[in-house]
Amino acid sequence: MSKLTSKGLELFAPDSRPFGRTSAEWTAEWWKWVLSIPHPKNPLIDQNGENCANGQSGPVWFLAGTLGGSSKRSCTIPSEKAILFPIINVEACFAEGDGMTDEELVDRAKFDMDQITNMHATVNETRFDNIKEYRIQSPLFDVVLPNDNVRGLPAQTTRMVSEGYWLFLKPLEPGQYDLDSFGSCLAGKIKIGLSYHLTINDNMMMKSLGSFF
């Protein structure tokens, strides 16, 4: 378990089992969540945070990255939710031609993540100094791509694996938080920047979001 100096900020360790799943399994759940949401309402392409609650359920609140570049968003989260977000991550899957076997997918994801050299993350200006300890490889998993998915692929179920640098915050005290993170590769071809203004609401009741399909 890694603790931060600011009051109320604490991370799950990469080898822990939050809510009965490993951190690696939770990263797979993050991908299933974000890729299940059709393009128009997908949080990955959201510029202001209006889609941040789409598809959320269970004890962990997922924060989306981007498909490239930077985004500044606001999001209101119930106080009892843990928060999982990638500083930077990659995936490899059969549907995108990243390999013909599970082993080839794993190798491709590892190769791509090995190119990442520059990262930082802060919450309320508290800096995470040990980000490299939070590199996590997911198990292999199947993901359902709907019609009009953000990958631009035909609707299908495909095999996938992911690697990334992830931060997994334990539930935060009610209040306001500014989360900023950045990751890039040495050649500068991949750059992901995130700024979230988070409102942790002690009285927020989760409403049924209905279907976004």
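The values are calculated or read from the model by the stated rules, or taken from the named source; none is laboratory data. Quantities reported herein were computed from a predicted structural model and do not represent experimental measurements. Neighbour counts run over all protein chains shown; Cβ positions are idealised from the backbone, glycine included.
Quick look at the values:
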| read-out | value |
| --- | --- |
| Options 95, 109: the member that is in a helix (DSSP H, G or I), modelled with pLDDT of 95 or more and surrounded by 20 or more Cβ atoms within 10 Å (Cβ to Cβ) | 109 |
| Residues of the stretch 31-47 classified as in a loop (DSSP other than H, G, I, E, B) and modelled with pLDDT under 95, total | 2 |
| Where a residue in the stretch 1-26 is under 17 Å from residue 123 (Cα atoms) and among the charged types (D, E, K, R) and its partner, wherever it lies, is assigned to a loop (DSSP other than H, G, I, E, B) and modelled with pLDDT under 95, with Cβ under 7 Å and at least six apart | 10/4 |
| Test: residue in the stretch 103-110 that is under 19 Å from residue 151 (Cα atoms) and not aliphatic (A, V, I, L, M) | yes |
| Residue pairs meeting the criteria (Cβ under 7 Å; at least 6 apart or on separate chains; first over 19 Å from residue 40 (Cβ atoms), in the stretch 145-162; second among the aromatic types (Phe, Trp, Tyr)) | 158/94; 159/94; 160/31; 160/141; 162/31 |
| From the options 64, 28, 13, 53, residue that is under 14 Å from the mean Cα position of the chain (by Cα), more than 22 Å from residue 96 (Cα to Cα) and either at pLDDT below 95 or surrounded by 15 or more Cβ atoms within 10 Å (Cβ to Cβ) (or both) | 53 |
